[in-house]
Each structure stands twice: as C-alpha cells, then as structure tokens.
Amino acid sequence: MADKPAHEMRDPVYGLLIAPETGMRDAIHHGEKTISIREGWRDYRPGAQILIACHLAPWAVMATVSEVRHTTFRGLTPKELADDGATTAEAFLEDIRRFGARYEKLTLDSPATVIRWTDVRGYWVDNKSVYYGNEVELLRSAK
C-alpha cells in the first residue's frame, strides 16, 4: 500500500443522476426541487459538492448537499414525500418501479436515503435562456 501523500486529500465530487424529464430538470434549475429519495443507503455527506445531471440529456448543475437521512421507505416523512412529489411511500415506490428491474423488489422496509441540496449553480442555471428553447437542438447535437 502506498504511503499517504504529504498534502491533505480533498473530498470527491459526488454525482446524482436524474431522469430525463423536462419538469424535473426545470424544477432543479429553478431551485424548486431540492430533494431526492434514493434506494439503499448512500454515502452522501452534508457539505459535499454534487453534480446533478442526466446521462440521457445534455445538462448538469452543481449543488451542495445540505442534509442526508438514512431510513426505510416506510420511515419517509410526509414532508419528504411531498417535497419529492409523492403522496405516500407506496405511491413513491410504485412510481420508481418504472425505472427498471432493480426497483421492482423494493418494499416499504427497504433502505432509503433522503438527500437534500442547496446552492444550485452552473451554466444552465445562469443561462436559462440559452437552454430553454434550444433543448431539441442540444439533444440532437449530443447524439
């Protein structure tokens, strides 16, 4: 094993993949969506920098993790569910099952991580007029 470097290690930038849904992207760009509920216990930490992006559409922004809570889907609070657009934990689970087989076996007792962020920033936040109205061309150029 190599010796530790003489300088201090810096924290990594974490990533958070978001679905290619225009409404969700717009809500993130405008600071209206500041939460994501994820399956499993994730190692996000308050103060960490996150890159919020969609791997299927050409956009990304930076944000700062403000809060992380590990729980189960049953343990999600009504406020957490409402802030992420769900009415109940059951409805939330039903909605995320559309994202693939890895979500089909989740139950109310499956582990979940609640991630909140602040300070959304970056080119697409500062230059919304460039993005909005040009999405089709940007998508075409990304292929």
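The values are calculated or read from the model by the stated rules, or taken from the named source; none is laboratory data. These numbers were taken from a predicted model, which means no experiment stands behind them. A quick note on method: Cβ atoms are made from the backbone with ideal geometry, for glycine too, and the neighbour counts reach across all protein chains shown. The accessibility values were calculated without ligands, DNA or RNA, using every heavy atom of the protein model including side chains. Shrake-Rupley method; radii C 1.70, N 1.55, O 1.52, S 1.80 Å.
The residue of the stretch 70-112 that is farthest from GLY23 (Cα to Cα), among those that are assigned to a strand (DSSP E or B) and open to solvent by less than 40 Å² (accessible area, probe 1.4 Å), is THR71. Consider the stretch 28-55 and keep the residues that are open to solvent by less than 60 Å² (accessible area, probe 1.4 Å) and out of contact with any Ser or Thr (no Cβ under 9 Å at 6 or more places or on another chain). The one that is modelled with the highest pLDDT is ILE35. Which members of the stretch 1-16 meet the condition of being open to solvent by 100 Å² or more (accessible area, probe 1.4 Å) and either among the small types (Gly, Ala, Ser) or modelled with pLDDT of 85 or more (or both)? Correct list: ALA6 only. Condition (residue is open to solvent by 70 Å² or more (accessible area, probe 1.4 Å), farther than 20 Å from ASP109 by Cα and modelled with pLDDT under 95) applied to the stretch 56-64: is it met by at least one residue? For the stretch 56-64, residues open to solvent by 70 Å² or more (accessible area, probe 1.4 Å), farther than 20 Å from ASP109 by Cα and modelled with pLDDT under 95: present.
The residue pairs whose first member lies in the stretch 29-51 and is under 12 Å from THR72 (Cα atoms), whose second member is open to solvent by less than 70 Å² (accessible area, probe 1.4 Å) and of a type in the set (Gly, Ala, Ser), and whose beta carbons are closer than 7 Å, counting only pairs six or more residues apart or on different chains, are ILE37/ALA112; ARG38/ALA112; GLU39/SER110; GLU39/ALA112.
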